[in-house]
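Values quoted throughout were computed directly from the atomic coordinates according to the rules given, and no laboratory measurement underlies them. Fair warning: this is a prediction, and the values are worked out from it, not measured in the lab. Glycine gets a Cβ as well: all are built from the backbone with ideal geometry, and neighbour counts include every protein chain shown.
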Amino acid sequence: MKLGVVVKLDDANIDARFKQVKDYGFDCCQVVAWKFELFTDEIAEMIIEASKKYGITISTFWCGWSGPRVWDFMEGPVTLGLVPMDYRNERIKDLKKGSDFAKKIGVKNVATHVGFLPEYPNTMEYHSLVCAIREVAQYCKDNEQNFLFETGQETPVTLLRTIQDIGLDNLGINLDPANLILYGKANPVDALDVFGKYVMDVHAKDGIYPVDGKELGEEKKIGDGKVNFEKLIPRLKEVGYDKTLIIEREISGDQQIEDIKNAKILLEGLI
């Protein structure tokens with residue numbers, strides 16, 4: 001396995017972003033983008049040039065979507081991903097734009113949060129959602145890409161069922177083990193028993209379970225949460241995963257930098 005780190009496409013300062021990846025000591029990253037105005041030919045060329053300059057490969061292009069987003073248990077189900085009907089059509093277009101941009105920079109994996117997938121499958125809500133995801137995934141397939149679900153907002157068996165019902169052969173999972181804990185959905189090590197064969201990229205992130213029925217659990221630096229990387233990494237190897245572990249620390253400033261560097265040391269020892 002190779003270690004990498006998340007790069008946020010927040011502005012046009014691409015060279016500095018990739019230089020930081022190199023300065024951390026990584027040679028791969030995952031690009032996360034929410035600003036569609038940056039999905040231009042010029043920015044794409046800057047990414048290609050910076051990745052070549054610093055010897056950085058991009059494992060996955062993680063694409064956001066427009067409209068409101070609330071990361072909790074109350075408003076999350078009605079604001080996140082492709083689940084809410086009020087935003088679905090526009091977000092399908094957003095993800096297609098992301099797929100096209102990923103193609104420009106030569107990235108084969110496109111990932112996102114699809115939202116709180118319905119647990120009960122025998123409803124129109126579920127079936128219409130499956131059709132919407134299939135439309136995006138087929139678009140990625142036509143661009144010779146995989147479409148990855150980032151874990152967290154659904155139980156592993158619900159995600160497995162959705163992948164099976166969509167029925168395309170370019171579907172995969174961006175495993176975020178911390179999210180499974182933050183949302184109280186599963187133990188990530190055990191989750192690999194359910195969907196391990198679909199994992200195509202992994203976020204290295206940590207956190208603790210919710211202690212409030214309305215709010216997510218709290219993200220922690222790697223080693224201070226409940227993910228248990230000492231068991232997760234060997235289990236990933238057992239299910240045949242040998243690709244990237246992308247460190248994600250969703251804070252900012254000097255503490256983020258320190259936590260990323262410490263995570264690199266810890267994970268290198270486990271790999």
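Can you tell which of Glu268, Glu250, Glu230, Glu258 is part of a loop (DSSP other than H, G, I, E, B) and surrounded by fewer than 19 Cβ atoms within 10 Å (Cβ to Cβ)?
Glu250
Only one residue in Asp15, Asp72, Asp27 is farther than 22 Å from Ser99 by Cβ and touching a Ser or Thr at 6+ places or on another chain (Cβ under 8 Å). Which one?
Checking each option against the conditions leaves just Asp27.
Name the residues in segment 1-37 that are in a helix (DSSP H, G or I), over 21 Å from Glu248 (Cβ atoms) and not aromatic (Phe, Trp, Tyr), would you?
Asp15, Glu37 - these are the residues of segment 1-37 that are in a helix (DSSP H, G or I), over 21 Å from Glu248 (Cβ atoms) and not aromatic (Phe, Trp, Tyr).
What do you reckon, is Tyr209 surrounded by 17 or more Cβ atoms within 10 Å (Cβ to Cβ) and either under 20 Å from Gly64 (Cβ atoms) or of a type outside the set (Val, Ile, Thr) (or both)?
No: the conditions fail for Tyr209.
Looking at Leu117, Leu148 in this structure, which one is touching a helix residue (DSSP H, G or I) at 6+ places or on another chain (Cβ under 8 Å) and in contact (Cβ under 8 Å) with a residue 24 or more places away in the chain?
Result: Leu117 is the single residue among Leu117, Leu148 that is touching a helix residue (DSSP H, G or I) at 6+ places or on another chain (Cβ under 8 Å) and in contact (Cβ under 8 Å) with a residue 24 or more places away in the chain.
Looking at Leu168 and the list (1) over 27 Å from Ile257 (Cβ atoms); (2) touching a residue at least 24 places away in the same chain (Cβ under 8 Å); (3) assigned to a helix (DSSP H, G or I), which single condition is not satisfied?
In the conditions (1) over 27 Å from Ile257 (Cβ atoms); (2) touching a residue at least 24 places away in the same chain (Cβ under 8 Å); (3) assigned to a helix (DSSP H, G or I), Leu168 misses (3) alone.
Quick check on Val202: is it more than 22 Å from Arg69 (Cα to Cα) and surrounded by 19 or more Cβ atoms within 10 Å (Cβ to Cβ)?
yes
Check segment 13-29 and report whether any residue there is surrounded by 18 or more Cβ atoms within 10 Å (Cβ to Cβ) and among the small types (Gly, Ala, Ser).
No: segment 13-29 contains no residue that is surrounded by 18 or more Cβ atoms within 10 Å (Cβ to Cβ) and among the small types (Gly, Ala, Ser).
Using the structure shown, decide if Lys205 is over 18 Å from Ala111 (Cα atoms) and of a type outside the set (A, V, I, L, M, F, W, C).
no
Looking at Glu90, is it within 17 Å of Ser66 (Cβ to Cβ), touching a residue at least 24 places away in the same chain (Cβ under 8 Å) and over 19 Å from the mean Cα position of the chain (by Cα)?
Against the criterion (within 17 Å of Ser66 (Cβ to Cβ), touching a residue at least 24 places away in the same chain (Cβ under 8 Å) and over 19 Å from the mean Cα position of the chain (by Cα)), Glu90 qualifies.
Table: residues versus (1) crowded, with 21+ Cβ neighbours inside 10 Å; (2) out of contact with any strand residue (DSSP E or B) (no Cβ under 7 Å at 6 or more places or on another chain); (3) more than 17 Å from Tyr198 (Cα to Cα).
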| residue | (1), (2), (3) |
| --- | --- |
| Ile105 | no, no, yes |
| Val114 | yes, no, no |
| Glu119 | no, yes, yes |
| Asn122 | no, yes, yes |
| Val136 | yes, no, yes |
| Cys140 | yes, no, no |
| Leu148 | yes, no, no |
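Which of the residues spanning segment 38-62 are part of a helix (DSSP H, G or I), under 22 Å from the mean Cα position of the chain (by Cα), surrounded by fewer than 23 Cβ atoms within 10 Å (Cβ to Cβ) and not small (Gly, Ala, Ser)?
Leu38, Ile43, Ile48
Can you spot a residue in segment 114-134 that is in a loop (DSSP other than H, G, I, E, B) and among the polar types (S, T, N, Q)?
Among the residues of segment 114-134, at least one is in a loop (DSSP other than H, G, I, E, B) and among the polar types (S, T, N, Q), which makes the answer yes.
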